[in-house]
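Report on the following structure.
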Amino acid sequence: MTRPQPPSQPGDAVPRLEHHTLKRYESIWFGIAVVISLFLFVSVIVSFISGTYSAIGGGGGHHITGVTNGRLDPRNIAATPFAKPGLRENADGTLEAFVVAKAFAFDPPVLRVPAGRPVTIHVTSLDVMHGYEVEGTNINASVIPGQVASFTTTFGRPGSHGTICNEYCGTGHHNMLGRVVVEAPTPQAARPAGE
Ligand code: CUA
């Protein structure tokens, strides 16, 4: 359908966008969008394959002393493993880490875990709502007093990940930082076969 064009004025300095010009712009933007989409798609796959990105696996269903259905009494923390925060190895060889968030720090401030072994991290808060995000992973949870956030992950390679509180929790919120240090598995840490 063609509409009658208004007659061009002598002082009409603004050039009209011609149909073919629009089409070229659209092609360029569409091309950029495709390149970005492909880049993101490929980089996520490469990241998973190379092990730089630690994905949360299924956890839970595991019994923790003093914790029922992911809930605990913050006043009774002494009766739970959170009384002694940090990494522990269970009798069956599984690794569990207990992290306590409180204004304005994580305990332990530096959590050391071995590379290449699944670790289940449990986090709870002693006071107000905090956040627990481990940079470079998809661990990112709200930490609510009275509740336990649990996730199982395997850190693929040695390195250091910052942990940050990403829920505003008070005047020291911006200082609430910690670290997960992933260490190369030592020969002593390897369990003898047949155990
Ligand atoms: Cu703890 Cu913000």
The stretch 81-183, accessible surface, carbon-and-sulfur percent (1.4 angstrom probe): 53 percent
Rounded to the nearest 10 Å², the accessible area of ASP92 at probe 1.4 Å: 110 Å²
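The values are calculated or read from the model by the stated rules, or taken from the named source; none is laboratory data. Quick caveat: nothing in here was measured; it's all calculated off a predicted structure. Calculation scope for accessible area: heavy atoms of the full protein, side chains included, ligands and nucleic acids excluded. Shrake-Rupley method; radii C 1.70, N 1.55, O 1.52, S 1.80 Å.
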